[in-house]
1. Residues in segment 68-80: is at least one surrounded by 15 or more Cβ atoms within 10 Å (Cβ to Cβ), of a type in the set (Phe, Trp, Tyr) and over 22 Å from Pro50 (Cβ atoms)?
2. Being surrounded by fewer than 16 Cβ atoms within 10 Å (Cβ to Cβ), farther than 28 Å from Glu68 by Cβ and in contact (Cβ under 8 Å) with a residue 12 or more places away in the chain narrows it down to one residue among Ala136, Ala106; which is it?
3. Report yes if Thr146 is free of Cβ contacts under 8 Å to residues at least 60 places away in the same chain, assigned to a strand (DSSP E or B), touching an Asp or Glu at 6+ places or on another chain (Cβ under 9 Å) and surrounded by fewer than 19 Cβ atoms within 10 Å (Cβ to Cβ), otherwise no.
4. Of the residues in segment 117-139, how many are of a type in the set (S, T, N, Q) and closer than 19 Å to Gly103 by Cβ?
Amino acid sequence: MRKTLFTPIFLLLLLCLASCGGQSPSSDIDVDLINNPNSATGYDQSASIPAITFDCDMHDFGRITQGESISYSFHFRNTGSADLVISGCSATCGCTVADYPRGRIAPGKDGYVTVSFNSQGKTGQQYQEVTVNSNAQPSRNILKITAQVSY
């Protein structure tokens, strides 16, 4: 019985490994953009790193009607000394999505993270968070939106 189960599982595993082909996902972003100046021996002050600075990290939409889709663009600037790359944004709920610039953002340049909220099926006070992941220090920033949803 064991041999009859082992053989198909082994072949399936072998097929899965072979289908990967040893290829890594393609990316136009170099790994040299990831630079962590923190180490066990201390903080390297001479390190060239990006810094993401948002004008504000919270927006209140006030009262909205259930079913409305609303959005707000959070303005940010790269206040660091190296190229900034936003690797992704994740929301606490499927009703909230974020759009962010892809690619490098040079020091001194700015951009927007646009957070959209769909109030379909929601009522009462709503509080949503979007985590912005980047190569900056700190690597995570939290953006917050609130709304009072009524019929």
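Just so you know, all these numbers are worked out from the coordinates, no wet-lab data involved. These numbers were taken from a predicted model, which means no experiment stands behind them. Note that each Cβ is placed from the backbone with ideal geometry, even for glycine, and that neighbours are counted across all protein chains shown.
1. Yes; the residues of segment 68-80 include at least one that is surrounded by 15 or more Cβ atoms within 10 Å (Cβ to Cβ), of a type in the set (Phe, Trp, Tyr) and over 22 Å from Pro50 (Cβ atoms).
2. That would be Ala106, the only listed residue that is surrounded by fewer than 16 Cβ atoms within 10 Å (Cβ to Cβ), farther than 28 Å from Glu68 by Cβ and in contact (Cβ under 8 Å) with a residue 12 or more places away in the chain.
3. No, not satisfied.
4. Of the residues in that region, 4 qualify.
Let's see how each residue does on (1) in contact with a strand residue (DSSP E or B) (Cβ under 6 Å, 6 or more places away or on another chain); (2) not aromatic (Phe, Trp, Tyr):
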residue	(1), (2)
Ala106	no, yes
Lys109	yes, yes
Thr114	yes, yes
Asn118	yes, yes
Gly121	no, yes
Gln126	yes, yes
Arg140	yes, yes
Tyr151	no, no
